[in-house]
Amino acid sequence: MLEMLGRLGLAIFNVAVVPLWIGAIGSLPQVADEGGGLAAKLERISRPGYRPQLVTRIYDRNGVLLTTLHGTQLRSRVVPLDEVPVMTRLVFVAAEDERFFEHRGLDARAILRAAAVNARAGRVVQGGSTITQQLVKNRVLDSRRDLGRKLQEMILANRMERSHTKEQILEQYLNEIYFGHGRYGIGSAARYYFGKTSSELSLAESALLAGMVKAPARYSPLKKGSAWKQRQTHVLNKMVRLGFISAFEASRAIAEEMRFAADKGEDPKGPAKAPFFTALVTKQLLEQFGPRKTFTGGLDVITSLDWEQQQVAEQIFRDGKFFKSRSLEEQPTLQGAFTALDPNTGDVLVMIGGRDFAKSQFNRAVQSRRQPGSAFKPFVYTAALLNEFEANHVIDDSPVLYEFPQMEEFWEPRNFGGEYHGPAILAKALAGSFNVAAVKLIELIGVSDAVEVARRMGIQSPLHEGLSLALGSSGVSLLELVGAYIPFAAEGVRATPRAILEVVERGGKVLLEAPESRERVLPADVAFSMATMLRGVVERGTARRARVKGHQVGGKTGTSNRYADAWF
């Protein structure tokens, strides 16, 4: 019982005390004025014409400026409320604060409802913040989630309601909220997603944007999946329930085909160097500090990237024979990715997520999970060495047929080209990438052992625990696969990949200093044996074209089903 009360303490506190706060809110000015006059700051930045001027700068490891982030640069202007259709205003009220025009900054019913939901869940899953509270939080408060900050938010929201009209608050809110992809304010969002002004938004488009406010990254229509559509439908149905629109109007809006802007226009902050990488860094900053501090906090962000190496990699990637002879216009689905890590620190030195960031922002080095094919085999061989096999252990690379009676299926793994090699030592089987030998090896050591080794070395994606895992049947990202190879190059020590080294705010205060994260995951002798075997892949196996005169190179090729992917 005590444990339950402790877990539900916040919810119970809200239920019991919030009505008292609402009644006594005017008598607690000192709480809102803690930390340098929050109330005065709120009044100052609520004046017409206020513009923050704090630019966030992202640098490479040697101080080269890669890009800048700034909220107001992506907000072309403050949109007056009379340029926002009445129906669009009502959509946002329905989605975020259905009693906005009735309360004075706090909605006791919403708070009580959220408290009940949180109590049932045993954790905070729903908030009861009004539009005014959200505006106050975005403007002057930090991202702490404690009762002190919540009390400040409630007091300041009440003060704002007393000094501003509802129309003024709604106008400021619509120009302040974040819509993902660096876009703040309804004017910027309408232009970015639909190529329109806010006055031209349809009911369906307005509902889509209002639905994004809760979680811009999750409900972005530019992401794969239907989450945004489900959220849009939820908002429209809520408008019907509130009597803002008819069921017919909602069904027509739900059925409306969404046409997104094909040309996003030139980004006012200019093109970023290493855009796939800087987009990843921006995402991590947003997760750590939130949109307000990320885009208007005046941060200096030192990253792991080496711009000189990045330029070399980009030129080789772009001018390589394979891509050069197949233009992106002719074969838009032909893509690739490249990343380089420092095995001693895990620092991401180079990252390329695709052929042209302007045409596709999808980062194939991080966001795409593809079958690694035979590039997964080193984890199987590592598990074998940990099970006291030796590199000269003999495995039979002869045809085999597996029967699965429960599923009434048969599986016959095949080697590339249909050629089999009979008895072969492990080093030769890995160098030649013999499929049947790998399947028999994972059968001998146990699939669970191979999975455990892959996890230990850094593979986080879901793994199919069947014999086909030896052939790379489970999708992984490029970054995690390269990161999982680090122990082979670092005597068994894994360094966790990192993109951000340090974040400093204006005035020199260090907000984040990312330490190196190193952990021994393999005995040194096992790592040495695997590194030797991987050099054999390059010197006399399937990766002979990767040889570099004067250098020792180790690695592994991989080809997925139907040759959809090729790895090294």
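The values are calculated or read from the model by the stated rules, or taken from the named source; none is laboratory data. Here the structure is a predicted model, which means the values were calculated and not measured. For neighbour counting, all protein chains shown are included, and Cβ atoms are generated from backbone atoms with ideal geometry for every residue, glycine included. Note: accessible area is taken over every heavy atom of the protein model, side chains too, but ligands, DNA and RNA are not part of it. Shrake-Rupley method; radii C 1.70, N 1.55, O 1.52, S 1.80 Å.
For the stretch 534-568, filtered to residues that are over 18 Å from Ala489 (Cβ atoms) and within 33 Å of the chain's Cα centre (by Cα), the residue that is surrounded by the fewest Cβ atoms within 10 Å (Cβ to Cβ) is Arg562. The single condition among (1) open to solvent by 30 Å² or more (accessible area, probe 1.4 Å); (2) more than 28 Å from the chain's Cα centre (by Cα) that Ala531 does not meet is (1).
Residues are listed down the side, and each one gets a yes or a no for (1) touching a residue at least 40 places away in the same chain (Cβ under 8 Å); (2) closer than 27 Å to Phe416 by Cα; (3) in contact with a Leu (Cβ under 8 Å, 6 or more places away or on another chain):
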position	(1), (2), (3)
Val439	no, yes, yes
Leu444	yes, yes, no
Ile459	yes, yes, yes
Gly466	no, yes, no
Leu471	yes, yes, no
Ala499	yes, no, yes
Pro515	no, no, no
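Kindly list the number of the only condition in (1) at pLDDT below 90; (2) in contact with a helix residue (DSSP H, G or I) (Cβ under 6 Å, 6 or more places away or on another chain) that fails for Ser226. Among (1) at pLDDT below 90; (2) in contact with a helix residue (DSSP H, G or I) (Cβ under 6 Å, 6 or more places away or on another chain), Ser226 violates only (2). Filtering the stretch 469-480 to residues that are surrounded by fewer than 19 Cβ atoms within 10 Å (Cβ to Cβ) and over 18 Å from the mean Cα position of the chain (by Cα) leaves only Ser473. Look at (1) of a type in the set (A, V, I, L, M, F, W, C); (2) part of a helix (DSSP H, G or I); (3) more than 15 Å from Phe179 (Cα to Cα) and you find that Leu208 fails only one, number (3).
Being at pLDDT below 85 and of a type in the set (Phe, Trp, Tyr): is that true of Tyr178 here? Walk me through how you get there before you give the answer.
On the way: at pLDDT below 85: no; of a type in the set (Phe, Trp, Tyr): yes.
No; evaluated as a whole, the condition is false for this residue.
Counting only residues that are over 20 Å from Ile186 (Cβ atoms) and under 17 Å from the mean Cα position of the chain (by Cα), the stretch 227-249 holds 1 of them. The residues on offer are Pro343, Pro332, Pro291, and the sole one that is surrounded by 14 or more Cβ atoms within 10 Å (Cβ to Cβ) and at pLDDT below 95 is Pro291.
For the stretch 112-125, indicate whether the set of residues that are under 24 Å from Ser220 (Cβ atoms), modelled with pLDDT of 85 or more and under 30 Å from the mean Cα position of the chain (by Cα) is non-empty. Let's see the steps before the verdict.
Taking the stretch 112-125 first, the residues under 24 Å from Ser220 (Cβ atoms) are 124-125.
Cutting the leftovers down to modelled with pLDDT of 85 or more gives us none.
No: the stretch 112-125 contains no residue that is under 24 Å from Ser220 (Cβ atoms), modelled with pLDDT of 85 or more and under 30 Å from the mean Cα position of the chain (by Cα).
When the residues of the stretch 346-369 are filtered to those that are part of a loop (DSSP other than H, G, I, E, B) and among the aliphatic types (A, V, I, L, M), which remaining residue is modelled with the lowest pLDDT?
Residues of the stretch 346-369 that are part of a loop (DSSP other than H, G, I, E, B), as a first pass: 346, 353-369.
Filter again for among the aliphatic types (A, V, I, L, M), leaving 358, 365-366.
Details: Ala358: 88, Ala365: 96, Val366: 96.
Ranking the qualifying residues of the stretch 346-369, first place goes to Ala358.
So, in the stretch 306-325, how many residues would count as being open to solvent by 80 Å² or more (accessible area, probe 1.4 Å) and part of a loop (DSSP other than H, G, I, E, B)?
Step one: of the stretch 306-325, the residues open to solvent by 80 Å² or more (accessible area, probe 1.4 Å) are 308-309, 311-312, 315-316, 318, 321-322, 324.
This time we only want the ones that are part of a loop (DSSP other than H, G, I, E, B), so: none.
Number satisfying all stated conditions: 0.
Suppose we keep only residues that are touching a helix residue (DSSP H, G or I) at 6+ places or on another chain (Cβ under 7 Å), open to solvent by less than 30 Å² (accessible area, probe 1.4 Å) and not aliphatic (A, V, I, L, M) within the stretch 355-373. Which one would you say is farthest from Leu66 (Cα to Cα)? Ranking the candidates gives Gly373 first.
Residue count for the stretch 216-247 satisfying the condition of being open to solvent by less than 20 Å² (accessible area, probe 1.4 Å) and assigned to a loop (DSSP other than H, G, I, E, B): 3.
One residue alone among Ala524, Ala454, Ala514 is more than 30 Å from Phe289 (Cα to Cα) and either under 29 Å from the mean Cα position of the chain (by Cα) or open to solvent by less than 40 Å² (accessible area, probe 1.4 Å) (or both), and that residue is Ala454. Is at least one residue of the stretch 533-544 in a loop (DSSP other than H, G, I, E, B) and among the β-branched types (Val, Ile, Thr)? For the stretch 533-544, residues in a loop (DSSP other than H, G, I, E, B) and among the β-branched types (Val, Ile, Thr): present.
When we screen Arg162, Arg191 for residues that are touching a residue at least 12 places away in the same chain (Cβ under 8 Å), surrounded by fewer than 17 Cβ atoms within 10 Å (Cβ to Cβ) and either over 23 Å from the mean Cα position of the chain (by Cα) or not in a helix (DSSP H, G or I) (or both), the only hit is Arg162.
Quick check, is Gly483 over 25 Å from Pro413 (Cβ atoms), modelled with pLDDT of 95 or more and either under 22 Å from the mean Cα position of the chain (by Cα) or assigned to a loop (DSSP other than H, G, I, E, B) (or both)? Break it down stepwise before answering.
Working: over 25 Å from Pro413 (Cβ atoms): yes; modelled with pLDDT of 95 or more: yes; either under 22 Å from the mean Cα position of the chain (by Cα) or assigned to a loop (DSSP other than H, G, I, E, B) (or both): yes.
Here the answer is yes, as Gly483 does meet what is asked.
Kindly establish whether Ala250 is among the aliphatic types (A, V, I, L, M), surrounded by 15 or more Cβ atoms within 10 Å (Cβ to Cβ) and within 22 Å of Phe362 (Cβ to Cβ).
Working: among the aliphatic types (A, V, I, L, M): yes; surrounded by 15 or more Cβ atoms within 10 Å (Cβ to Cβ): yes; within 22 Å of Phe362 (Cβ to Cβ): no.
Answer is no for this residue.
When Gly492, Gly508 are checked against the criterion of being in contact with a helix residue (DSSP H, G or I) (Cβ under 9 Å, 6 or more places away or on another chain) and at positive phi, Gly492 stands alone in meeting it. Picking from residues in the stretch 377-414 that are open to solvent by less than 10 Å² (accessible area, probe 1.4 Å) and among the charged types (D, E, K, R), the one that is modelled with the highest pLDDT is Lys377. Of all residue pairs spaced 6 or more apart or on separate chains, those with beta-carbon atoms under 7 Å, a first member in the stretch 417-429 that is free of Cβ contacts under 8 Å to residues at least 24 places away in the same chain and a second member that is surrounded by 17 or more Cβ atoms within 10 Å (Cβ to Cβ) are Tyr420/Asp397; Tyr420/Val436. When residues in the stretch 87-105 are screened for being surrounded by fewer than 19 Cβ atoms within 10 Å (Cβ to Cβ) and without any contact (Cβ under 8 Å) to a residue 60 or more places away in the chain, 3 of them pass. Residues of the stretch 415-449 that are surrounded by fewer than 23 Cβ atoms within 10 Å (Cβ to Cβ), more than 12 Å from Gly536 (Cβ to Cβ) and small (Gly, Ala, Ser): Gly417, Gly418, Gly422, Ala424, Gly446, Ser448.
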